[in-house]
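Beneath this line is the structure, given in C-alpha cells, with notes to follow.
The values are calculated or read from the model by the stated rules, or taken from the named source; none is laboratory data. Here the structure is a predicted model, which is why all the values come from computation and not from measurement. When we count neighbours, we look across all protein chains shown, and the Cβ atoms used for this are built from the backbone with ideal geometry, even at glycine. Surface accessibility is based on the protein's heavy atoms, side chains included, excluding ligands, DNA and RNA. Shrake-Rupley method; radii C 1.70, N 1.55, O 1.52, S 1.80 Å.
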Amino acid sequence: MKISIITVCYNSEKTIKDTLESVLSQTYTNYEYLIIDGRSTDQTLNIIKEYEKKFKGRLKYTSEKDKGLFDAMNKGIKKSTGDIIGIINSDDVLSHETVFEKVVKSIKDVDGVYSNLLMLNESLQRPNRLFKSKVVSKYFGWHMPHPTLYLKKEVYEKYGNFDLNFRVSADLDFMLRIIKNNVNLKYINDYFVYMRAGGASTKGLKGYYNNFKESYKVLKKNKVLLPLITNIKRTLVMYHQRFAVNNKKEIKRALSVKKVKPKLIQINTVCNGSIGKIMGDIGRKANSEGFETLIIYARRKGFQDLKCIKVGGFFSFWFHVFITTIFDLNGHGSYFKTKKIVRILKEENPDIIQLHNIHGYYLNYKVLFTYLKNEFNGKLFWTFHDCYSFTGHCPHFVAVNCNRWKEQCFNCPNKKKYPVSLFYDRSKKNYMEKKKLFASIPNLTIITPSDWLKNLVKQSYFSKYPIITILNWIDYKIFKPREDKKVLSKYNILNNKKIILGVANIWDERKGLRVFKELAEKISDEYRIVLVGLNKIQLKKLKPKMIGIKRTENQEELAVIYTKACIFINPSKEETFSLTTLEAIACETPAIVLGTSAVKELINAENGEVLKEETLENYLKAIQKLENKKIERTKMKKYFEKYDKEMQVSKYLQIYEKK
C-alpha cells in the first residue's frame with residue numbers, strides 16, 4: 001500500500017530539517033511526500049530543495065499563498081495519490097524509523113490507525129505533555145491525537161476534508177465527524193510522533209483560550225452531549241496530561257522508540273582562529289547529525305551559520321585585564337559575565353558542555369566550575385589547547401624549562417608573559433584554587449590534541465580523569481597544492497626566489513620570530529623569508545630578505561602561500577599540536593620543527609626534519625638537507641589521512657553519544 005505524507009509549512013527553517021530527516025529515515029519506502037508551503041520568506045524552500053534529491057523522486061512540493069493551515073492540508077489531500085494519508089507538521093518528527101511499516105501492517109482490515117502522542121519542548125529534549133489516546137467517544141468528544149492519525153484515502157473522500165470555518169479546531173471537527181460516523185479505527189499502543197509544544201492551539205494561555213472557544217463550537221456542531229461541560233473537561237485533561245510527564249516509566253518508553261539527539265553547548269573565547277575553527281567544525285557536524293547546538297563566546301564575530309551567544313563586554317574585558325596585570329588575578333574577573341553564562345546554561349539545560357579555552361579575560365572560572373560541580377548533571381568535555389588549566393599562571397612553560405606545575409607552582413618565571421602580571425605573583429594561590437576546583441568535577445573527560453600533551457596532563461592533578469586524544473584536523477579540500485599568481489603578486493612574493501615560510505596567529509618570543517631574523521642575515525640571495533601573522537609594529541622592523549604579511553582568515557590564499565614555499569619552519573619551542581605545520585605539509589611543503597613539543601609528532605623522514613637543539617647552525621643545515629634530499633612532494637600527503645576533518649570531528653560526536 002502506498003502512503004501519502006503531507007507536511008504544511010510556512011517559515012519553518014528552524015525545524016523542518018528534523019521533520020524531513022524523520023521521514024527520510026523510514027524503512028518503508030512506498031510513499032510520496034507532499035510538502036505544501038505557504039510561500040515562505042526564510043530559508044525553508046532552500047532546505048526543501050536541498051533534501052529533494054535525497055528522497056529520489058518521492059518528495060514533491062508547492063509554494064503558494066493559502067487561507068491557513070487547514071486550507072493547505074486540504075490542498076495536500078487533493079494532490080495525494082496514496083492509499084493511506086498521514087499528516088505530519090513541519091515542527092514535529094516521526095518518533096522512529098518503522099512508523100510507516102507499522103501503519104501499513106495494522107491498517108489492512110480497518111479504515112485508520114492512531115497512536116499515543118508525546119509533546120516535547122522546542123529542542124525535542126524535555127517532555128511537556130503525554131497524550132494517551134486509547135479511548136475515543138462520539139458522545140463525550142474524546143478523540144485521538146491528530147498528528148498520529150493515518151486514514152485510508154476513501155475516508156476523506158466519503159466524509160470530506162477540513163472545515164475552513166474553524167481556524168484552530170478544524171482537525172477536532174474532522175475527527176469527531178469520522179468518529180460519529182463509526183469509521184473503523186484501530187489504536188496502536190505506540191508513539192508515532194514527537195510533537196513540539198507551541199502550535200496555534202497549545203501556545204500559552206491565549207492559545208488554550210482560543211482553542212477552548214472554538215472547540216465549544218465544534219462540539220456543539222457535532223452534537224456532543226453537554227458540550228460546555230465536555231469542553232471544560234477536555235481542557236482540564238490537557239492540563240492533566242502535563243502532569244503525566246512525571247510518569248517516568250511511560251516517558252522512558254515513549255522516548256525509547258527513538259534516540260533523541262542531545263543538546264550541545266560549546267564555550268570558548270572567540271569563534272575565529274584555529275580553536276574557533278575547531279569549535280565551528282564540531283558545531284556544524286553535530287548539527288548535521290541532529291544535535292541541537294549553541295556556542296557561547298566572548299569577543300569578535302560569531303559564526304553566521306551556527307547559533308551563537310556573545311557574552312563579553314568592553315568594561316568587563318578591560319577590568320579583567322587590569323586585575324590580571326596588577327594582581328595576577330586572571331580567571332577571577334568577569335564575574336557578572338560568567339553569571340550570565342551560567343544563566344544561559346541553566347535555561348538551555350544542555351546534555352553536553354564542551355569547554356575549550358577558559359582564559360582570555362572573559363570568564364570567572366570559580367563561578368563556572370562551582371555550577372559545573374554542584375548543579376550540572378550532564379556530560380562535560382574539556383579540550384586542552386594549551387597548559388593553562390594545570391598551572392598557576394601560564395599556558396606554556398617548556399621554553400623556560402619549568403616543572404613546578406607537577407607539584408605546586410610558585411615564583412612563576414613566565415609572570416610577565418601572557419597573561420601578563422607586572423607586579424604581584426599569585427601563581428601559588430592560583431594553582432591551589434584551580435586544583436581544588438578542577439580536580440573535583442563529576443562526569444569530566446579531558447581531550448587533548450596530541451599524545452605529548454596527554455602525557456603532561458597525566459602528570460598533573462587531572463590524572464584521575466579519563467584523558468583521550470582526538471587529533472586536530474584540517475580540511476583537505478582547502479589545504480592542498482594551489483597556484484595563483486594574483487595572490488603571490490598581492491603579497492609581493494617573487495616567483496624567482498625560493499620561499500622559506502613561517503605562519504603564526506601571534507608572533508612572539510615563544511613562536512620564534514627571532515630565529516627568522518637571524519636566518520635572514522645568513523641565507524643566500526636565492527631565498528626570501530615570508531612571515532604571515534605579523535602586527536603593524538613587527539612589519540616595520542623586518543630585516544632585508546624578509547616579507548611580512550598581516551594575519552589573514554583567507555584560507556585559500558594561505559594555501560597558495562604554503563604551496564609556493566620550498567620549506568616551512570616552525571621554530572616554536574612549545575606547541576600542543578600546530579595546525580600551521582600540518583597545513584603546510586598538506587600543501588606538500590616539507591617542514592622543519594623543534595623536537596621539544598607535540599609538533600614533532602607530525603614529522604617523519606618523508607616530510608621534514610626535527611631539530612634536537614635550537615641553533616642557527618642547525619636550521620641552516622636542515623634547510624640544506626631538505627634541499628638536497630629532494631622530497632617527493634606528492635608522497636607526503638599519504639601520511640596524513642588520520643588528520644582528516646571528517647574522521648576527527650566524528651570522534652567528538654562518538655564520545656558525546658557514548659553512554
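A few points about this structure:
- Thr596 assigned to a loop (DSSP other than H, G, I, E, B), in contact with a His (Cβ under 7 Å, 6 or more places away or on another chain) and open to solvent by 10 Å² or more (accessible area, probe 1.4 Å): no
- Wholly within the stretch 448-551, strands (runs of 3 or more DSSP E) carrying at least 3 residues that are farther than 20 Å from Lys600 by Cβ: 527-534, 546-550
- Single unsatisfied condition, Arg528 versus (1) more than 30 Å from Gly302 (Cα to Cα); (2) in contact (Cβ under 8 Å) with a residue 24 or more places away in the chain; (3) surrounded by fewer than 19 Cβ atoms within 10 Å (Cβ to Cβ); (4) among the charged types (D, E, K, R): (3)
- Of residues in the stretch 441-468 being touching a residue at least 12 places away in the same chain (Cβ under 8 Å) and open to solvent by 40 Å² or more (accessible area, probe 1.4 Å), the one farthest from Asn364 (Cα to Cα): Asp451
This table checks each residue for (1) over 30 Å from Glu575 (Cβ atoms); (2) modelled with pLDDT of 95 or more; (3) under 23 Å from the mean Cα position of the chain (by Cα); (4) not in a helix (DSSP H, G or I).
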{"residue": "Phe336", "(1), (2), (3), (4)": "yes, yes, no, no"}
{"residue": "His359", "(1), (2), (3), (4)": "no, yes, yes, yes"}
{"residue": "Tyr362", "(1), (2), (3), (4)": "no, yes, yes, yes"}
{"residue": "Lys366", "(1), (2), (3), (4)": "no, yes, no, no"}
{"residue": "Tyr371", "(1), (2), (3), (4)": "yes, yes, yes, no"}
{"residue": "Leu380", "(1), (2), (3), (4)": "no, yes, yes, yes"}
{"residue": "Asp386", "(1), (2), (3), (4)": "no, yes, yes, yes"}
{"residue": "Ser389", "(1), (2), (3), (4)": "no, yes, no, no"}
{"residue": "His393", "(1), (2), (3), (4)": "no, yes, no, yes"}
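- Residue among Lys78, Lys105, Lys14, Lys53 that alone is under 18 Å from Gly290 (Cβ atoms) and open to solvent by 10 Å² or more (accessible area, probe 1.4 Å): Lys14
- Close pairs (9 angstrom Cβ cut-off, 6 or more residues apart or separate chains): among the aromatic types (Phe, Trp, Tyr) in the stretch 595-620, assigned to a helix (DSSP H, G or I) anywhere: Tyr619/Val515; Tyr619/Glu518; Tyr619/Leu519; Tyr619/Lys522
- When we screen Lys206, Lys152 for residues that are among the charged types (D, E, K, R) and either modelled with pLDDT of 85 or more or within 19 Å of Ile77 (Cα to Cα) (or both), the only hit is Lys152.
- Enumeration of residues in the stretch 319-346 that are of a type in the set (A, V, I, L, M, F, W, C) and free of Cβ contacts under 8 Å to residues at least 24 places away in the same chain: Phe319, Phe322, Ile323, Phe336
- Taking the stretch 451-478 as the range and being of a type in the set (Ser, Thr, Tyr) and either farther than 14 Å from Trp382 by Cα or at pLDDT below 95 (or both) as the test, the residues that pass are Ser460, Tyr461, Tyr476.
- Just one of the numbered conditions (1) modelled with pLDDT of 95 or more; (2) open to solvent by 30 Å² or more (accessible area, probe 1.4 Å); (3) within 25 Å of Asn121 (Cα to Cα) is not true of Asn349: (1).
- Total residues in the stretch 599-626, condition open to solvent by less than 60 Å² (accessible area, probe 1.4 Å), of a type in the set (D, E, K, R) and part of a loop (DSSP other than H, G, I, E, B): 1
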